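Please read through the structure below; I'll follow up with questions.
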Amino acid sequence: DGGITQSPKYLFRKEGQNVTLSCEQNLNHDAMYWYRQDPGQGLRLIYYSQIVNDFQKGDIAEGYSVSREKKESFPLTVTSAQKNPTAFYLCASSPNTGELFFGEGSRLTVL
Amino acid sequence: QQQVKQSPQSLIVQKGGISIINCAYENTAFDYFPWYQQFPGKGPALLIAIRPDVSEKKEGRFTISFNKSAKQFSLHIMDSQPGDSATYFCAARGNKLIFGTGTRLQVFP
């Protein structure tokens, strides 16, 4: 089946630890995105990449890092510098039409 | 100018009723206005979208009304069903997609 796969679905982290969220797509889309979702705040853009080996900061990039070494993969690292990392993280990809296709999300909880 | 303002934050509708969610924007350069539907624990999925040269678009029970002069657009869900209970996000695209803050819709039997 074509789609976007995010893993893990649930992740617990101790303060001070880095964690990496995986996002893989087999839709052959050029563009990929990471959003953070908090209650009452909608979807906020963390990072996006329009082609391999290139990515740009979104609106809330501080404390996060990404890489885009392959077209299919766009992992997000939540670093210890992110002050409030507990959230629901959504990965998306997009063809040239502009429509976003989302994965099922990863819920990160910092203990 | 890059914001999209969405209201209401939550909405309770009886089965068979009409659900209406409103969005407003400032940037006249926005060229694409989608609505996404999100069920709990899932990612959002595109529901319906409109471009600014059209005033209305209907797909089944879902209709977008677009008022370019007022810079407003709204989602109407006719004959609302319990299965429509979800969070709905409007969005607008300039050089990137800007999302509203979401509306949690609950449809009771």
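Carbon-plus-sulfur fraction of the accessible area of chain B, 1.4 Å probe, in percent? Write down the numbers at each step before the final one.
Values: 2660 of 5410 Å².
Accessible surface attributable to carbon and sulfur in chain B totals 49 percent.
Send over the Kirkwood Rh of chain A, from the inverse of the averaged 1/r over different Cα pairs, rounded to one decimal Å. Please report the intermediate quantities before stating the final value.
Details: mean 1/r = 0.0722 Å⁻¹.
One decimal place: 13.8 Å for the Kirkwood radius.
Using the 2.2 N^0.38 Å rule of thumb for compact globular proteins, work out how segment B:54-109 stacks up: its C-alpha Rg over that value, please. Provide the component values of the computation, followed by the final result.
Details: Rg = 12.8 Å, N = 56, 2.2 N^0.38 = 10.2 Å.
Its radius of gyration relative to the 2.2 N^0.38 Å reference: 1.26.
Treating the Cα atoms of the protein assembly as shown as identical point scatterers in vacuum, please give the log10 of the normalised Debye intensity I(q)/I(0) at q = 0.11 Å⁻¹, two decimals.
-0.55
Which value, in debye to the nearest 20, gives the size of the charge dipole of chain A about its Cα centre, when Lys and Arg are +1 and Asp and Glu are -1 at the Cβ?
Details: 11 positive and 12 negative charges, 79 e Å.
Dipole size: approximately 380 debye.
Return the residues of segment A:8-44 for which accessible area with all protein chains present is lower than in the chain on its own by 50 Å² or more; set the probe to 1.4 Å and exclude ligands, DNA and RNA.
Buried by 50 Å² or more upon assembly, which counts only protein chains, are A:Leu43.
Please give the Cα centre distance for segment B:72-109 versus segment A:48-107, rounded to the nearest Å.
23 Å
Please report the carbon-and-sulfur percent of the accessible area for segment A:18-111; probe 1.4 Å, protein heavy atoms only, DNA, RNA and ligands left out. Intermediate results must be reported in sequence, preceding the final value.
Numbers: 1930 of 4240 Å².
Ligands and nucleic acids excluded, carbon and sulfur give 46 percent.
The values are calculated or read from the model by the stated rules, or taken from the named source; none is laboratory data. Computed from a predicted structure; not experimentally measured. Glycine also receives a Cβ, built like all others from the backbone with ideal geometry; neighbour counts cover every protein chain displayed. All accessible areas refer to the heavy atoms of the entire protein, side chains included, with ligands and DNA or RNA removed. Shrake-Rupley method; radii C 1.70, N 1.55, O 1.52, S 1.80 Å.
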